[in-house]
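Colleague: To start, I am sharing the structure in question, which I have written as structure tokens.
Read the figures in this text as sums done on the coordinates, not as results from a lab. Here the structure is a predicted model, which is why all the values come from computation and not from measurement. Cβ coordinates were reconstructed from backbone atoms using ideal geometry, including for glycine residues, and neighbour counts include every protein chain displayed.
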Amino acid sequence: MICPFCSLLCDADDLNEIQCDRRSSSLSLFELSQDTNKRLLPEADRLKSARESLRQAKRVLVAGRIASVATARAAIAFAAKFNATLDLAESGSVFRNVLAIQRVGIYSVSLAEARDHTDLFIVVGDDSIHQTVPRMPNALSRGASRKQTVLLLGTFSIAGVEVWRNAGFEVWSVQCDLNEVPKALSQWSKWSDDRKENTVQGTSMSGPLFHRLSNAGYTTVVWCSKNLPMEQADLWVERMIQWIAKRNEETRCAAIPWASFDGTFVQVCTWLTGFPGRVAFRNGAPEYDPQKFTYERWIEQTSMSRQVESVVVLIDETIAASSFFTPLEKQLLNCSTVIELTGNSELFPTSIAGLETGADMFRADQTLLAHVSPTSKREPFGKPASIWLQGLST
């Protein structure tokens, strides 16, 4: 089974029994967001008004959070019909991996292969990765009987180290500047054949740790795109991928570049358009520009052309504590018509994929597509976003 909150394979028979803080808080938000006393206008009237806005619009943006294959397909078809700009990569985190992979390729690995064959994991980041993917250590561990080594590079606390140790790993933690990690690993590789003691970027890479790195038969490097705080993070990912490729000349080395739910949209958009997202449709054909066709750029241009009729279709079929748009972006969108397909929408209440309704979605390591059955026993108040999009397109 796939947990729709961690995006990991879960070994529990019942997802409702999983002790996961992130999942518990998300379920609480879900319960609070459900207002069974809502009274809506007839659906035909709501759709008629929204369709009229779309017909009059000169500029259309489709943005938000998509988790399911069905909604991704519907969003792309909708954008093609209305010649819309389509950008689902919130804060650009998923594109940090996408842009780097487009330039240099990648040696990637499935979660199952990494767990079964890796003897050394290099995990780059800080404690925030445990908030984003709380079950990652357990998903990567083969258990105490077949102990593996994990090298934590970044700013992990003592408590963060214990999370990995409790999952059954032998843990090494090196405090270092995340920006310097690819360079430090490249320098270490140049000197590793000589097996001599070195200091890399002020961090000791000598003795037992140096020996462990040199003798690893299968190394997997793990990072989470959402938890890379540096500017131009795609260049950081590119340098890391280049080190992994070089390492494969002597031994097996691979990457798990953790994504978010936007990864499902990226996969589907690539199938259907040839591009991973950030596209603008012209006469139904997609044009790709990862810098130009972002929702932030679209909003900036809209604020400068207030006389042009513009419509934003905001999709959110996930549980999220925060709004997709920032307060400033909301202010700039005051002159636009916003059609919300969200759980709290006053016109088009949208069910939550994988919780209220079943959904096909990719796991966040992008290696598994599976059907996630609904985990809530309550009847969904809203419809799936894909159904609303089809209704708006009619």
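Colleague: Could you list, in sequence order, the residues of the stretch 95-123 that are farther than 14 Å from residue 238 by Cβ and among the β-branched types (Val, Ile, Thr)?
Modeller: Of everything in the stretch 95-123, those that are farther than 14 Å from residue 238 by Cβ and among the β-branched types (Val, Ile, Thr) turn out to be 109, 118, 122, 123.
Colleague: Taking residue 118 as meeting all but one of (1) among the polar types (S, T, N, Q); (2) more than 22 Å from residue 214 (Cβ to Cβ); (3) touching a residue at least 40 places away in the same chain (Cβ under 8 Å), write down the number of the exception.
Modeller: It is condition (2) that residue 118 fails.
Colleague: A follow-up question, please. Which count do you get for residues in the stretch 326-346 that are in contact (Cβ under 8 Å) with a residue 24 or more places away in the chain and within 23 Å of residue 58 (Cβ to Cβ)?
Modeller: 10
Colleague: From the list 78, 95, which residue is touching a residue at least 24 places away in the same chain (Cβ under 8 Å) and over 21 Å from residue 285 (Cα atoms)?
Modeller: 95
Colleague: Applying the selection to the stretch 357-394, what residues are within 11 Å of residue 70 (Cα to Cα) and among the acidic types (Asp, Glu)?
Modeller: 360
Colleague: Okay, next question. Before we move on, is residue 337 of a type in the set (Ser, Thr, Tyr), over 16 Å from residue 263 (Cα atoms) and surrounded by fewer than 23 Cβ atoms within 10 Å (Cβ to Cβ)?
Modeller: yes
Colleague: So residue 143 ticks every box in (1) surrounded by fewer than 17 Cβ atoms within 10 Å (Cβ to Cβ); (2) in contact (Cβ under 8 Å) with a residue 60 or more places away in the chain; (3) not hydrophobic (A, V, I, L, M, F, W, C) but one. Which box is left unticked?
Modeller: (2)
Colleague: Could you tell me whether the stretch 366-384 includes any residue that is free of Cβ contacts under 8 Å to residues at least 12 places away in the same chain, of a type outside the set (Asp, Glu) and either buried (at least 19 other Cβ atoms within 10 Å of the Cβ) or within 24 Å of residue 300 (Cα to Cα) (or both)?
Modeller: Taking every residue of the stretch 366-384 in turn, none turns out to be free of Cβ contacts under 8 Å to residues at least 12 places away in the same chain, of a type outside the set (Asp, Glu) and either buried (at least 19 other Cβ atoms within 10 Å of the Cβ) or within 24 Å of residue 300 (Cα to Cα) (or both).
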